[in-house]
Amino acid sequence: MLAALVLSAAAAAGADPPFVGAQACSGCHAQQAKLHAESAHARSLSRPNNHRLAEALGAAPMPVRDGRFRFTVAAQDGALVIQASDADGDAAERLPVHWAFGAGDQAVTLVSQLDEDAYIEHHWSYYSAPDAYAVTPGHQGVEADDLGQAMGVRYRTFSPRSEIMRCFRCHSTGPLALSESFGIQPAELGVRCESCHGPGAEHVQAVSATDLVAARKAIENPGRLTQPELIARCGSCHRPPSEDPAEIDYRDPWNVRHQPVYLTQSACFQQSPTLTCMTCHDPHDRVQRNAPDAYRERCMSCHATEPSKPAARCGDLSAADCASCHMPKVRPHEHLAFTNHWIGVFESDDRLVPRD
């Protein structure tokens, strides 16, 4: 039965046999699979009509761009459609939305395939906190001379830099394929089991044969990676740390969303060979956004016993929220907030770079 599940999952995903899909993994790892299915990673890519915020995506109003380009978005015939026109009504565009990038915990960015050679990242993204559309990150300051440009930023499917391909690779699992119309077809939507553990077919086959030694060797376990290896693994999508820190503008608030880049600048990271992303985050679970006690416990596992104990200003350690001061929130956009992973002591008016 397990082998049949593997084959059906692989066939359903359109993947090569080595990738089997999260459903196959759930046969043995039910608890981890259930937790992970609710995580932002697992929900990072979907069809708009299957997104958990599908109703909101089709109902929230879109702003007017540059005082002349007007937009509407609505669900039509089971699809999300964006329509745009210029101020005098002489030109109009209508585009079905094919992809929704982002779990929606903070935002969702919409993407459409234009033709065999191009995709468009729409100018307006949906933001959950205000339940409204606003400018997509990276589109600030981009000028539009006509309605086509006003719709959003175009990316060539097969450009040398392959920007749109990278978007799909980091928001899906397994190999990408192409449809007859050269549409990008992910093997599995979202960042699922095999994004971190590698192709699972050999592992499942070994388990079916009750060869547990071979099974362990046939699957990757990020928990066995060294600190640099794990940071590089997470950084493959969240941005790897630069070999030359001078290349990074740490004063640019948009860079804060690249957690490995900032974490590796921390004295905590540099002085601890075991501190990694997984020290604080269970990769199978949702990020604990409102659980200061959980993160404080991680901090105190080192700082409660070292010679340099927390300062008196931290107050009652039983209730202290270490991260709110030492990993402050940064708002590069009025509707977005990212935790600064450069752990340190910050001045009250500077949330980007800690003091020496």
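The values are calculated or read from the model by the stated rules, or taken from the named source; none is laboratory data. Just so it is clear, the model here is predicted, and its values are computed rather than measured. Methodologically, a virtual Cβ is constructed for each residue, glycine included, from the backbone with ideal geometry; neighbour enumeration extends over all protein chains shown.
A few points about this structure:
- Within the range 226-236, considering residues that are surrounded by 17 or more Cβ atoms within 10 Å (Cβ to Cβ) and touching a residue at least 40 places away in the same chain (Cβ under 8 Å), the one nearest to residue 195 (Cα to Cα): 234
- Flag if residue 332 is at pLDDT below 90 and either out of contact with any strand residue (DSSP E or B) (no Cβ under 6 Å at 6 or more places or on another chain) or more than 26 Å from residue 234 (Cβ to Cβ) (or both): no
- Checklist (1) within 28 Å of residue 158 (Cβ to Cβ); (2) in contact with a Phe, Trp or Tyr (Cβ under 8 Å, 6 or more places away or on another chain) applied to residue 102, failing item: (2)
- Being closer than 30 Å to residue 289 by Cα and either touching an Asp or Glu at 6+ places or on another chain (Cβ under 8 Å) or not in a loop (DSSP other than H, G, I, E, B) (or both) is true of residue 108.
- Within the range 144-151, none of the residues are at positive phi and modelled with pLDDT of 95 or more.
- Within the range 113-127, if we keep just the residues that are buried (at least 21 other Cβ atoms within 10 Å of the Cβ) and not aromatic (Phe, Trp, Tyr), the residue that is farthest from residue 63 (Cα to Cα) turns out to be 113.
- Breaking point among (1) of a type in the set (A, V, I, L, M, F, W, C); (2) touching a helix residue (DSSP H, G or I) at 6+ places or on another chain (Cβ under 6 Å); (3) farther than 29 Å from residue 337 by Cα, for residue 196: (3)
- Residue tally, condition farther than 27 Å from residue 303 by Cα and surrounded by fewer than 16 Cβ atoms within 10 Å (Cβ to Cβ), over the range 237-270: 9
- When residues of the range 229-269 are limited to those that are small (Gly, Ala, Ser) and either part of a loop (DSSP other than H, G, I, E, B) or in contact with an Asp or Glu (Cβ under 8 Å, 6 or more places away or on another chain) (or both), the one farthest from residue 304 (Cα to Cα): 242
- Residues that are exposed (fewer than 15 other Cβ atoms within 10 Å of the Cβ) and not in a helix (DSSP H, G or I) do not occur anywhere in the range 187-194.
- Scanning the range 28-51 for residues that are assigned to a loop (DSSP other than H, G, I, E, B) and closer than 12 Å to residue 126 by Cβ returns a single hit, 51.
- Residue list for the range 135-152, restricted to those being in contact with a His (Cβ under 6 Å, 6 or more places away or on another chain) and not in a loop (DSSP other than H, G, I, E, B): 152
- Residue in the range 75-97 that is part of a strand (DSSP E or B), buried (at least 16 other Cβ atoms within 10 Å of the Cβ), of a type in the set (Ser, Thr, Tyr) and under 25 Å from the mean Cα position of the chain (by Cα) present: no
- When we screen 141, 152 for residues that are within 23 Å of residue 46 (Cα to Cα), among the small types (Gly, Ala, Ser) and free of Cβ contacts under 8 Å to residues at least 60 places away in the same chain, the only hit is 152.
- The number of residues in the range 268-304 being of a type outside the set (D, E, K, R), under 29 Å from residue 333 (Cβ atoms) and over 24 Å from the mean Cα position of the chain (by Cα) comes to 2.
- Of the residues in the range 105-112, not one is modelled with pLDDT of 95 or more, among the hydroxyl-bearing types (Ser, Thr, Tyr) and more than 21 Å from residue 52 (Cβ to Cβ).
- Filter pass, residue 140 being over 28 Å from residue 38 (Cβ atoms) and buried (at least 20 other Cβ atoms within 10 Å of the Cβ): no
- Looking across the range 46-81, the residues that are under 12 Å from residue 133 (Cα atoms) and either outside the structural domain of residue 124 (by TED's automatic domain parsing) or of a type in the set (A, V, I, L, M, F, W, C) (or both) come down to 56, 57, 59, 60, 62, 64, 71, 73.
- Leading residue by the ranking (farthest from residue 148 (Cα to Cα)) among those in the range 48-67 that are surrounded by fewer than 18 Cβ atoms within 10 Å (Cβ to Cβ) and free of Cβ contacts under 8 Å to residues at least 60 places away in the same chain: 52
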